[in-house]
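Have a look at the structure below, then the notes.
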Amino acid sequence: QVQLVESGGGLVQPGESLRLVCTATGINFSNYPMFWFRQAPGGWREKVATIDTDFSTGYMESVKGRFTIARDNAKNTLYLQMNNLKPQDTAKYYCNSGQVPSYWGQGTQVTVSS
């Protein structure tokens, strides 16, 4: 079965940085595009960043220039480097492989507050 485990979240002040980590098991990791999603309380789950199997990347507009998605296929690991964090980034962050059915981990909470 597919298992996705997110980590690296925490409480930070505006302007600080975090690096999120997602470890994936149960799939041939290198053959799948990978995604980071986030969901704020009372909000919708939105796609934050994408990295394809050819390492091409894409980002939602509000995080462009601040977030960087990366993958290490040898480690079956996905990363999200988040710089210059803003209160609007506060959410629970999830990774996803785009499979059907969709698999989700527990997520990791990012809280940006002074």
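The values are calculated or read from the model by the stated rules, or taken from the named source; none is laboratory data. The structure presented is a predicted model; accordingly, all values stated were derived computationally and were not measured. Glycine also receives a Cβ, built like all others from the backbone with ideal geometry; neighbour counts cover every protein chain displayed. Side chains are part of the model used for accessible areas, which takes the heavy atoms of the whole protein and leaves out ligands, DNA and RNA. Shrake-Rupley method; radii C 1.70, N 1.55, O 1.52, S 1.80 Å.
Net length available on complete extension from Q99 to Q81 is 4.1 nm, with 0.36 nm assigned per residue and the Cα-Cα distance removed.
Other residues lying with their Cβ under 12 Å from the Cβ of E61 contribute a combined charge of +2, Lys and Arg counting +1, Asp and Glu -1. In plain terms, the C-alpha convex hull of segment 17-69 casts an average shadow of 4.6 nm² when viewed from every direction.
Per residue, the chain exposes 52 Å² of solvent-accessible protein surface, assessed with a 1.4 angstrom probe and all protein chains in place. The chain: longest stretch without exposed chymotrypsin sites (Phe, Trp or Tyr not before Pro) (DSSP loop, at most 10 other Cβ within 10 Å), sites themselves excluded? Within the chain, the longest run free of exposed chymotrypsin sites (Phe, Trp or Tyr not before Pro) spans 56-114. Counting only protein heavy atoms and using a 1.4 Å probe, the accessible area of S113 comes to about 60 Å². Counting 0.36 nm for each residue step from D54 to S30 and taking away their Cα separation leaves a gain of 7.7 nm. For the chain, what % of the accessible area comes from carbon and sulfur atoms, probe 1.4 Å? The C+S portion of the solvent-accessible surface of the chain is 48 percent.
In the calculated pair distance distribution of segment 54-114, what percentage of Cα-Cα distances lie above 15 Å? Result: 60 percent of Cα pairs exceed 15 Å. Between Q1 and R66, full extension at 0.36 nm per residue minus the direct alpha carbon distance yields a gain of 20.1 nm. Centre-to-centre, using Cα atoms only, segment 48-99 and segment 3-37 are separated by 7 Å. The label-point distance for E46 and R19, in a model that sets each label 7 Å from Cα toward Cβ, rounds to 2.6 nm.
Percent of Cα pairs in the chain per distance bin of 5 Å, from zero to the largest separation: 2, 13, 25, 26, 19, 10, 4, 1, 0.
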